[in-house]
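Working notes, structure below.
Throughout, read-outs are computed from the coordinates displayed, never taken from laboratory work. All values reported here derive from a predicted model rather than from experimental measurement. FYI the Cβ positions are ideal-geometry reconstructions off the backbone, even for glycines, and counts take in every protein chain you see.
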Amino acid sequence: MKTLSAFGLIILVFIGCTSVEYQQRQNEGEQLRAAYEEARIKNDRGSVKNRVADEVLGTWQFLGIEVLESDLSNEIESVSIALDELSRKNLTIRFFEQNGMRFYEGNNGSIRVTGKFSIYVERIAEVLYPELGMNQSSGITPEEFLFNRPGVFGGLPGTSDVLISVQGNQLHLTLGAGVSPSPTPDGWVQSDGIRYSFKRIK
């Protein structure tokens, strides 16, 4: 009887050890999966950031403004867009790298601006959204120069809410965009966006 009890105790201890080892292995597996996923996301963000930063390099000429969705009446909207477009018909902006740093310089008639730029990547659900950040060195602020709207690039880095994309020889900067968790045929803009488009000239 004592032998049977001892044998039962050994089995219970063995089962307990096996259960603990199994749980440890399962925890290790989950930790490895979490670490892999974190590394993958970081790598994906870095890839998107570097790709967009490379694609935006060059000189761009203002092309036009498109209101993707708005509550304004068509008449008010059209007049506002026409005035904005007229004031930007000679606007160019150059993005370039020098000594490992990223800069911009812009011209619009007698207006000259310079500063640094950065690309940030926000992750919403499973989609990565590149954003443009700009810091003024000289001239008027980048938001005044590009959009005639104050505070666009204010706040912490990466909170500019200016989505950026390069499609072929066109650059699109989209303000106030409502983004979709899944891409649409036209990209990531879903609603309330005002898109400023530029064409590459160099």
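Karplus-based coupling profile of segment 80-96, in residue order and whole Hz: 4, 5, 4, 5, 4, 5, 4, 6, 10, 5, 9, 6, 10, 9, 10, 9, 8, with θ = phi - 60° in 6.51 cos²θ - 1.76 cosθ + 1.60 and x standing for Gly or Pro.
Between Glu126 and Ser138, the contour length at 0.36 nm per residue exceeds the Cα-Cα span by 0.5 nm.
Packing, taken as the mean count of other beta carbons within 10 Å per residue, orders the peptides 196-202, 93-99, 130-136 from highest to lowest as 130-136, 196-202, 93-99. With the simple spin-label model, which puts each label point 7 Å out from Cα in the Cβ direction, the Gln170 to Asn90 separation comes to 2.6 nm.
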